[in-house]
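**Student:** The structure follows.
The values are calculated or read from the model by the stated rules, or taken from the named source; none is laboratory data. Only a predicted model underlies this, so the values are computations on that prediction, with no experimental measurement involved. We place every Cβ from the backbone using ideal geometry, glycine too, and count neighbours over all the protein chains shown. We work out accessible area using only protein heavy atoms, side chains counted, and drop any ligands, DNA or RNA first. Shrake-Rupley method; radii C 1.70, N 1.55, O 1.52, S 1.80 Å.
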Amino acid sequence: MIDRATVDKIIDAARIYDVVSEFVTLKKSGVNYKGLCPFHDDRNPSFMVSPSKNICHCFVCGKGGTPAGFLMEHEQITYPEALRWLAKKYNIEIVEKELTDEEREAQNERESMFIVNEWAKDWFHDVLKNDPDGIAIGKQYFRSRGIRDDIIEKFQLGYSPQKRDALAQAAKEKGYKSEFLVKTGLCFERNEDGGKRNEERGKRNEDANSQQPTANSQLVDRYSGRAIFPWFNVSGKVVAFGGRVLDSRTKGVAQKYVNSPDSDIYHKERELYGIYQAKKAIVKEDRVFMVEGYTDVIAMHQAGIENVVANSGTALSTYQIHMLHRFTNNITLLYDGDEAGIHAAMRGTDMLLEEGMNIKVLLLPDGDDPDSFARKHSTEELKQYIEDNQTDFITFKSRLTVENVTDPVKRSEAIGGIVKSISVIPDQILRSTYLADFAHRINMKEQTLVAEMNKYIRKDLEDKEKDNARQQERVQQASQEELPQQQVTEDDLLSLHSPTEQASQVEQMLMREIVRHGDEIIFTDVETEEGDTISLNVAQYVSFDLSQDSLSFALPLHNQMLEEAVEQSANPDFKAETYFCNHPDVQVSQLATRLAIDRHQLGGRFVIEPREGSLRQRVLHLVMDFRLDIVENRLKEIQRQLQQVGSDVSKMMQLLKEHKETKEIRDELAKRLGTDLVV
């Protein structure tokens, strides 16, 4: 556990700009900063950072918060994990008690997997540097590839001994559980009969983490005898490993690399090798180079080009593109000039274009990959070659599929493929520019290509409308019928509404006063039934007033926050805005941030204008407005029931009486509020 004093020290030290800028490219906007939101597919900067309030907020998806809240959402970590991340960044020492067996058992599973991976990374690296076999075999391999010691340190490269259970035994001696060695993919299980339990499960397409180690099974190292390449996520945590068979053993081996299986902390389509080491250079250069393998990334770094990542032979995913888009709009695909390299470049362009990336392509001379090419040339020669030979995707695809093709059918198909690629570009001006350039290049009328492109655009819109309709139908069916077998994704729910949209405008305004000013006194010398005098702050008054008639907010989260504000009011150091914005519950923190931040301060417009006057006047007025809302909603419900009552005279008379009484309450509230209502 982290003590309260240390938590306060971390919160005081953490600066929102410092934290967010680790993951998002921010540009100055008045007294604040803005950038592309890292939580949704954002093409126009909607993510704002306010240094003065020390919070961030997206005005599209609503996510954000304080430094800790941002990390919890972005990195999918717990509140204590976020505090530890911040403590490390700001060099704040955290002294924690030794965990008991029970506490260790209750530790967050994801955190345990990260801890095991971090230990394994250090163990592999130590073996490489200090073990005789590590030096003679592992380090010799890296030296044969021309990799310097400083680069070995930078990427924390390692070596796994040839003994099949060396890591498993070392981990057990340190107290790490077999369960997490298997779940991270560091080890697999071998039955007494020699069968690989994990491997067979993988072949059957089952989750590699679905079973626990059994008593009659032996743990076997997945990477024994291999050079080790740790995978770091964007925040620097070790999520996976790649292990390469060494050169002396590669003859006749079909699979030179073995990679970690998917787990709770690692999904290959969501990670990019080298992103942690490259992110600052990507922002500085405003460009990222995409290569295929580990050694390509490492060789480019050693040659002085650091803004480079690898997708390790898999097709680019939208998750990876969104990650890169946070740092730059510009990408160069840098691949071998062979058939595999050409295929890799071709398959990624359309998805990159659709996500608004500006693409250039560079295929290296035959026989060279980025690794070998970088080792043959100086930094200046490499940079100059890239500058002189990289081409935009139109030139690349045209040269490859259209130019020098005489067969009419093949040429027509190739032209259609390029036009289809252009059609997915979201920027209309850029789309038109590319199309005009392509028409000129192939000597064809631009109008013909425009007509063809519009067909693709219309079809794409129709497909998306159908997908959206199916998605909404699926969500509505699940919410209305509550079918247990109907799975609704987080994106489905997010597309329907944000939490504050379920509450009335008045309720939102009242909650904003509670978040911003909940601790501020608005009544003094209030006499209780016992004859004592007390003071009431905003939260206490709102809670007291609503409780008189057993009223509550529409949103359970609002009721929870009001209740917490009243409880915390006994603490003389309670500051509502600080308390809620730094709340360990991400939902509370994000809602508080949304209510605390002023849109006009961030270059936007108010959704709800605050009332003029003193805090006390605003709160009193809002509470009466809230009551009036409830009464008016009840009147509408009575009117609806009157329309459906039919011939039941008794029921009709009862409803008419209630309507009259409710209307009198409404009119009295309106009179007190100074509102003229039309009957």
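**Student:** How about segment 398-414: which of its residues are of a type in the set (D, E, K, R), assigned to a helix (DSSP H, G or I) and at pLDDT 85 or above?
**Tutor:** Those that are of a type in the set (D, E, K, R), assigned to a helix (DSSP H, G or I) and at pLDDT 85 or above: 410, 411, 413.
**Student:** Looking at (1) more than 19 Å from the chain's Cα centre (by Cα); (2) surrounded by fewer than 17 Cβ atoms within 10 Å (Cβ to Cβ); (3) of a type outside the set (Gly, Ala, Ser), find the lone condition where residue 318 falls short.
**Tutor:** (1)
**Student:** Residue 336 is checked against (1) in contact with a strand residue (DSSP E or B) (Cβ under 9 Å, 6 or more places away or on another chain); (2) modelled with pLDDT of 85 or more; (3) open to solvent by 20 Å² or more (accessible area, probe 1.4 Å) and fails just one. What number does that condition carry?
**Tutor:** With respect to (1) in contact with a strand residue (DSSP E or B) (Cβ under 9 Å, 6 or more places away or on another chain); (2) modelled with pLDDT of 85 or more; (3) open to solvent by 20 Å² or more (accessible area, probe 1.4 Å), residue 336 is out only on (2).
**Student:** Filter segment 359-380 for residues that are in contact with a strand residue (DSSP E or B) (Cβ under 6 Å, 6 or more places away or on another chain) and touching a residue at least 60 places away in the same chain (Cβ under 8 Å) and give the result.
**Tutor:** The one that is in contact with a strand residue (DSSP E or B) (Cβ under 6 Å, 6 or more places away or on another chain) and touching a residue at least 60 places away in the same chain (Cβ under 8 Å): 370.
**Student:** Shifting gears a bit: So, in segment 158-177, exactly how many residues are touching a Phe, Trp or Tyr at 6+ places or on another chain (Cβ under 8 Å) and either surrounded by fewer than 13 Cβ atoms within 10 Å (Cβ to Cβ) or closer than 19 Å to residue 372 by Cα (or both)?
**Tutor:** 1
**Student:** Going by the structure shown, is residue 341 in contact (Cβ under 8 Å) with a residue 24 or more places away in the chain, over 21 Å from residue 235 (Cα atoms) and open to solvent by less than 20 Å² (accessible area, probe 1.4 Å)?
**Tutor:** yes
**Student:** Given the options 282, 305, name the one that is part of a helix (DSSP H, G or I), touching a residue at least 24 places away in the same chain (Cβ under 8 Å), aliphatic (A, V, I, L, M) and open to solvent by less than 20 Å² (accessible area, probe 1.4 Å).
**Tutor:** None of the others qualify; the one that does is 282.
**Student:** Something else: Taking residue 534, is it free of Cβ contacts under 8 Å to residues at least 60 places away in the same chain, farther than 18 Å from residue 577 by Cβ, open to solvent by 40 Å² or more (accessible area, probe 1.4 Å) and in contact with a Ser or Thr (Cβ under 7 Å, 6 or more places away or on another chain)?
**Tutor:** Yes: the conditions hold for residue 534.
**Student:** Output the number of residues of segment 20-59 satisfying the condition of being surrounded by 16 or more Cβ atoms within 10 Å (Cβ to Cβ) and in a loop (DSSP other than H, G, I, E, B).
**Tutor:** The qualifying residues number 17.
**Student:** Considering (1) open to solvent by less than 60 Å² (accessible area, probe 1.4 Å); (2) outside any strand (DSSP E or B); (3) touching a Phe, Trp or Tyr at 6+ places or on another chain (Cβ under 9 Å); (4) modelled with pLDDT of 85 or more, say which one residue 17 fails and leave the rest.
**Tutor:** (1)
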